[in-house]
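Accompanying notes for the structure given below.
The values are calculated or read from the model by the stated rules, or taken from the named source; none is laboratory data. Bear in mind that the values here come from a model prediction, so they are computed numbers and not experimental data. FYI the Cβ positions are ideal-geometry reconstructions off the backbone, even for glycines, and counts take in every protein chain you see. Each accessible area value is taken on the protein alone, full model and side chains, heavy atoms only, with ligands, DNA and RNA left out. Shrake-Rupley method; radii C 1.70, N 1.55, O 1.52, S 1.80 Å.
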Amino acid sequence: MEEKIIALTIAGNDSDGSAGMSADLHSFYAREVYGMGLLTAAVAGNTTGIYAQEVLPIAFIQKQFEVLNADFTINALKTGMLANKAVISCVAKNLRNYHMGKIVIDPVIMTKHGDTLLDDDAYQTFLTELLPLADIITPNFYEQQRLTASTLGNKAAIKQGAIKLQKMGAKNVLMKGRHDDTSQDTVTDIFLAADGQFYEFTKPFINTDRINGTGDTLSAVIAAELAKGSSMFNSVKIAKDFTYEAIAHPIAVGSKYGPINHLAAQQEIK
């Protein structure tokens, strides 16, 4: 039998399949790794909004860590929605206790529109316990500003923000470009590698409301590629290309803010 490479997502699940663990598992499958999901929360939502959510008990989250590590060798992982201080502390403790390969941190502390997702206690726990464990962190623009306590008004400021995040403990930093200006022509992500080198990844801007799960997908593909043994630079490049293709080929799912298209991305960059 072929031994499969395993990537793990530690995240909440969106019931409509567009974001969170669902998007992560779509991404793992498309990049041909075996995906596992350690559930932290469940969200009742569709393309019109989120209507309820439940955080799983800490004892159950802990048990998932124990049983997965008792039976599997996990090659890389990513974190997503970690709803409160207790969940973040539990996850951080287990990431220190178990070796599960490279760690991709998708902060999920603010939405791409600037809405706050974590209270102050949880945010401080994220800063002190989880961020320093990151092999790479992938904040959106508003998360970058919150994490660095800076107004990142230009490329030079964004690079300084990435350096600050590296000093806070993240080995590699991917500062994702903004998507909220419908007049923009391109989107540029700025990547600060562990050796201090900067790289830029630029793609055309696509004005669409089919973008649910974009950040989840980007971080999940990075994790999948790292699990396969790719370099950090190549993992980020593949993830940027994959996510762009998934946005560029919209699908009709739901009535409003729909998901991106993992199937098209898989076909386009094979």
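Considering only residues of segment 106-121 that are buried (at least 19 other Cβ atoms within 10 Å of the Cβ) and in contact with a Lys or Arg (Cβ under 7 Å, 6 or more places away or on another chain), which is nearest to Ala162 (Cα to Cα)?
Filtering segment 106-121 for residues that are buried (at least 19 other Cβ atoms within 10 Å of the Cβ) and in contact with a Lys or Arg (Cβ under 7 Å, 6 or more places away or on another chain), the one nearest to Ala162 (Cα to Cα) comes out as Asp106.
Can you find, within segment 122-163, the residue that is farthest from Arg178 (Cα to Cα) among those that are of a type in the set (Phe, Trp, Tyr) and open to solvent by 10 Å² or more (accessible area, probe 1.4 Å)?
By that ranking, first place goes to Tyr123.
Checking the conditions here, which among Ala23, Ala44, Ala19 is among the small types (Gly, Ala, Ser) and more than 20 Å from Asn261 (Cβ to Cβ)? Let's see the steps before the verdict.
Numbers: Ala23 fails: more than 20 Å from Asn261 (Cβ to Cβ); Ala19 fails: more than 20 Å from Asn261 (Cβ to Cβ).
Every option except Ala44 fails the conditions.
Within segment 1-89, considering only strands (runs of 3 or more DSSP E) that don't extend past its boundaries, which have at least 3 residues that are open to solvent by 60 Å² or more (accessible area, probe 1.4 Å)?
The strands (runs of 3 or more DSSP E) meeting that bar are 49-55.
On the phi > 0 side of the Ramachandran plot and buried (at least 22 other Cβ atoms within 10 Å of the Cβ): which single residue out of Gly213, Gly229, Gly254, Gly196 fits that description?
Working: Gly229 fails: buried (at least 22 other Cβ atoms within 10 Å of the Cβ); Gly254 fails: buried (at least 22 other Cβ atoms within 10 Å of the Cβ); Gly196 fails: buried (at least 22 other Cβ atoms within 10 Å of the Cβ).
Only one candidate qualifies: Gly213.
Among what's in segment 172-193 and is open to solvent by less than 70 Å² (accessible area, probe 1.4 Å) and small (Gly, Ala, Ser), pick the residue that is nearest to Ser231 (Cα to Cα).
Restricting to residues being open to solvent by less than 70 Å² (accessible area, probe 1.4 Å) and small (Gly, Ala, Ser), the top hit is Ala193.
Among the listed residues Gln124, Gln144, identify the single one that is over 18 Å from Gly20 (Cα atoms), over 16 Å from the mean Cα position of the chain (by Cα) and either of a type outside the set (D, E, K, R) or in a helix (DSSP H, G or I) (or both).
Exactly one residue qualifies, and that residue is Gln124.
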